[in-house]
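Notes to accompany the following structure.
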Amino acid sequence: MTETIQIGKTEVYSTPLGLGTNAVGGHNLFPNLNDEIGKEIVRTALTNGITLLDTAFAYGMGRSEELIGEVLKDFDRSKVVIATKAAHDPAKAGSYNNTPEFLTRSVEEALKRLQTDYIDIFYIHFPDEATPKNEATAALQKLKEAGKIRAIGVSNFSLDQIKEANQDGYVDIVEDEYSLIHREAEHELLPYLRENQISFVPYFPLASGLLTGKYESSVTFSPEDLRSKKPDFQGERFKAIIEKVSHLKLIAADYNASVAEIVLAWYIKNPFVDVVIPGAKKPEQVINNAKALEVHLTTEDYQRIDRLFS
């Protein structure tokens, strides 16, 4: 039986491994997505011990939520944790909006797309420039008290913005970038969250595939490939990351596991991480990611990986 993780101080409990669903209906993010495969990805997660689905309005401008809503009809809703997000305002050409009116409307519209009467975790996806963050979370608190959402989250907020949003203690969970190769959050953000009983969910845990062991240092990317623009995929930094990942292959062999499973198991054992949400473009990737729930790193191996990437 997989352990469950409490989200903040709420009554929401999740498996430590979730599914990021930006490739489920996220036609604006990835070319040539197939909605039927997207639904199969969600089904595969829910039948392989993954209970948290992390989506957002911005993934296909509501399409991801709609596909998840269609799949949910075949499952016990009480056993699924749905996390969604909003900030992109279609009425303002997709610019960020955190006003109470917009957030309230966004929750109501997401409920319809998901075909459910409550959302387990609702995040403000990105901060806007004008709205006081404590006013934004106060609006979500009203929706929480009304039973429409069960936990309040913020994503892509600076630490100062998180503190402002949490002025009245309303923030339950934070989602932000964090991985073995992007550990800046460890300096100030994660200690603050721990101190305030706020859960943390890292996105890009596999660093666009860099932490899966699928790349060799000799690989090159064409100028049209988005990866060629990312510092992690360039020059000496890319080679250094690949060198470190080669050491992970040796550890993975000891566990009869893939590199991705070992990396996900490292997050699951990390005391600052509550739920890790790797994405998937194929059902098979979900099955492979789910195997990480069965990988139990020794403290020694956890520390070896920690030192390797520190």
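Observations on the structure shown:
- Taken over the range 78-102, the criterion of being under 20 Å from the mean Cα position of the chain (by Cα), free of Cβ contacts under 8 Å to residues at least 60 places away in the same chain and not in a loop (DSSP other than H, G, I, E, B) is satisfied by Lys79, Ile82, Thr84, Ala86, His88, Tyr96.
- Verdict on Ala58 being under 23 Å from Gln285 (Cα atoms), outside any helix (DSSP H, G or I) and either at pLDDT 95 or above or open to solvent by less than 10 Å² (accessible area, probe 1.4 Å) (or both): yes
- Checking each residue in the range 281-300 for being touching a helix residue (DSSP H, G or I) at 6+ places or on another chain (Cβ under 6 Å) and surrounded by fewer than 22 Cβ atoms within 10 Å (Cβ to Cβ) picks out Pro283, Lys291, Val295, Leu297.
- Search result, residues across the range 79-107 that are among the aromatic types (Phe, Trp, Tyr) and either surrounded by fewer than 15 Cβ atoms within 10 Å (Cβ to Cβ) or more than 26 Å from Leu19 (Cα to Cα) (or both): Phe102
- Residues in the range 138-156 that are in contact with a Pro (Cβ under 9 Å, 6 or more places away or on another chain) and either open to solvent by 30 Å² or more (accessible area, probe 1.4 Å) or in a loop (DSSP other than H, G, I, E, B) (or both): Ala138, Lys142, Asn156.
- Single residue of the range 27-55 satisfying the filter (over 23 Å from Leu17 (Cβ atoms) and in contact (Cβ under 8 Å) with a residue 12 or more places away in the chain) that is least open to solvent (accessible area, probe 1.4 Å): Asp35
The values are calculated or read from the model by the stated rules, or taken from the named source; none is laboratory data. All values derive from a computational prediction rather than experimental measurement. Cβ sites come from the backbone with ideal geometry, for glycine too, and all protein chains shown count toward neighbours. Ligands, DNA and RNA are stripped out before the accessible areas are found, and what is left, the full protein with its side chains, is counted by its heavy atoms. Shrake-Rupley method; radii C 1.70, N 1.55, O 1.52, S 1.80 Å.
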